[in-house]
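Chemist: Attaching a single structure in structure tokens format; questions to follow.
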Amino acid sequence: QVQQWVARMQELKIKENPLGIAEDGKKDDKKKEKKASSGEKLALEKKIEEYKTSLRNDFGYSDKDIKGDPDFQELQKELAKMK
């Protein structure tokens, strides 16, 4: 039911503004960029979690060791850039 509401709201939004132009006359591309980056962000978060569990299970790392791992820190920096 919620999906139907969302679909209906999207239809109404398109009818109201078919070209996607904001009130100031500029196209609203930011929303599209956010959707793409949120997908990338979720994929990176999943990758970080997999890496964490791999370090814990395969190498016996503690939380402190994981935070000190250079590869883990690099992944965290990439995630911070996306936010």
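Chemist: If I stretch the segment between LYS46 and LYS13 completely, what's the gain in nm (0.36 nm per residue apart, minus their alpha carbon distance), one decimal?
Modeler: Taking LYS46 through LYS13 to full extension adds about 8.6 nm, to one decimal.
Chemist: Determine the sum of side-chain charges near TYR61: Lys and Arg each +1, Asp and Glu each -1, restricted to other residues whose C-beta is under 15 angstrom from that of TYR61.
Modeler: -3
Only the coordinates and a few stated rules stand behind these numbers; no lab work does. Note that the structure is a prediction, hence the values are computed from the model and not measured. Counting neighbours? That spans all protein chains shown, and the Cβs are built from the backbone with ideal geometry, glycine included.
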